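Comments concern the structure below.
A short reminder: the numbers here are calculations on the coordinates, not readings from a lab. What you see is a predicted model; the values in this text were computed from it and never measured. Quick reminder, even Gly has a Cβ in these numbers, built from the backbone with ideal geometry, and neighbours come from all protein chains shown.
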Amino acid sequence: MAIKFPKSEKYNFTRNLVKRYKLVDHLDRYFGDEVEEFQFIYEPKKKDDAWHPSGHCTPPPSVLYDIATGNVEHKEWGSKMLRTFMVGHFWHQLLQKAVVDLGLAEESAIERQGVRTWGDPMTRAPYHWATGAGDVAPCSLPGHGDYIIDFKTMSSFQFKPNKVPDWAANKYEAQINIYMDFFDLEHGLIVAINKDDSEMKEFEYVRNQPLVDAIYDKWKFVSECLEIEHRPEAEDDAMFDYIDELFTGPIAQ
């Protein structure tokens, strides 16, 4: 249940609020006072045999097949990158606390797990399902409705341009669209956080159903390849090149 605060200027959504962003403006006001009783808890991700919106939307079928069969080189992140990941987890939990404290989301909306399965309805065969946890699903934004929220930390170099970093543009759009499908939502926000100075901005997306359908088609194709132990070939990868034409990017602010 969302924590209810006494009405005050800090939590009044209608007074002195610059209407630039749908969520970030509320977060900025929230951090106008010192945050009380916040604990950061880190838990490593659990492994499973599902497709995940965070990393499996954009690779071609041959790469997905290799991921599912374990034929990929294990990447050693190193201590610097692992510390960077910890910073990302910290910001996620702090901002999730903020939206609950502000009454914009229920506790049940935090890290909400979504699932889609296909194949035999009585079983959940390996890589015949997809799952992922939405950062906030849903977040009810005053005057705008329900959104899926996904928080992304960035370096100053990545944050400075007024666009999603090129390397992540398709990856992020695909991820948030699968989340919209998981939770039956039509709108999503990616909230970017500059790790160097804590500045925030947001990118808004409208559900792109053709993209969602195409990603599921690709996952289901790889599922079938796994069943017959056929590694997708170049022509199989080429069948899904059309997905690149389905990305539309965030809507104009």
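I'd like the chymotrypsin sites (Phe, Trp or Tyr not before Pro) in region 63-132 restricted to DSSP loop residues with at most 15 other Cβ atoms within 10 Å, sorted by number.
W77, W118
Please return the longest stretch of the chain lacking exposed loop sites, where trypsin sites (Lys or Arg not before Pro) count only if DSSP places them in a loop and at most 13 other Cβ atoms lie within 10 Å.
164-253
List the residues whose amide H sits under 5 Å from the amide H of K152, counting only those 5 or more places along or on another chain, with H placed 1.01 Å from N in the peptide plane.
V191, A192, I193
Starting at the first residue of region 154-164, write each ³J(HN,Hα) from the Karplus equation 6.51 cos²θ - 1.76 cosθ + 1.60 with θ = phi - 60°, in whole Hz, x for Gly and Pro.
So the J values, rounded to whole Hz, are 9, 6, 4, 4, 6, 6, 4, x, 8, 7, 5.
Quick one: Karplus J couplings for region 27-34, per residue in order, coefficients 6.51, -1.76, 1.60, θ = phi - 60°, nearest Hz, x for Gly and Pro?
Working through the residues one at a time gives 5, 4, 5, 4, 7, x, 10, 5 Hz.
Go through region 192-207 residue by residue and turn each phi into a ³J(HN,Hα) via Karplus (6.51, -1.76, 1.60, θ = phi - 60°); whole Hz please, and just put x for glycine and proline.
8, 10, 6, 5, 8, 10, 6, 5, 10, 8, 9, 10, 9, 10, 9, 3
Which net charge results for the neighbourhood of Q113, defined as the other residues with beta-carbon distances under 13 angstrom from its beta-carbon, given Lys and Arg at +1 and Asp and Glu at -1?
For residues surrounding Q113, the net value is +1.
Less than 11 Å Cβ to Cβ from Q158, Lys/Arg counted +1 and Asp/Glu -1: what total charge do the surrounding residues give?
+2
So which of K47/K80; K171/K218; K152/K201; K163/K201; K22/K201; K97/K152 end up more than 18 Å apart by C-alpha?
As for pairs spanning more than 18 Å Cα to Cα, those are K47/K80.
Taking only DSSP H segments of four or more residues, each worth -39500 (n - 2.57), what value at 222 nm results for the chain once the sum is divided by all its residues, to the nearest 500 deg cm²/dmol?
Mean residue ellipticity, 222 nm, calculated: -10000 deg cm²/dmol.
Using Cβ contacts closer than 10 Å as the measure, can you line up I176, I228, I190, I215 from fewest to most?
If I rank by nearby Cβ atoms, fewest first, I get I228, I190, I215, I176.
Pick out, in residue order, every one of the GluC sites (Glu not before Pro) in region 197-253 that is DSSP loop and has at most 12 other C-beta atoms within 10 Å; say none if there are none.
Here the GluC sites (Glu not before Pro) that fit, given the DSSP loop and packing criteria, are E229, E233.
Using r as the Cβ-Cβ distance of K163 and T117, and R0 as 35 Å, what FRET efficiency do you calculate, to the nearest 0.05?
0.50
Fewest first, what order do Y42, Y216, Y147 take by the number of other Cβ atoms within 10 Å?
Ranked by crowding around the Cβ, least crowded first: Y42, Y216, Y147.
Scanning the chain for helices, which whole DSSP H stretches are 24 Å or more long along the axis (Cα) and average -0.5 or more by Kyte-Doolittle?
Correct list, ordered by number: 78-101, 209-228.
Among C57, C139, which comes first, second and so on when ranked by fewest other beta-carbon atoms within 10 Å?
The most exposed by this proxy come first: C57, C139.
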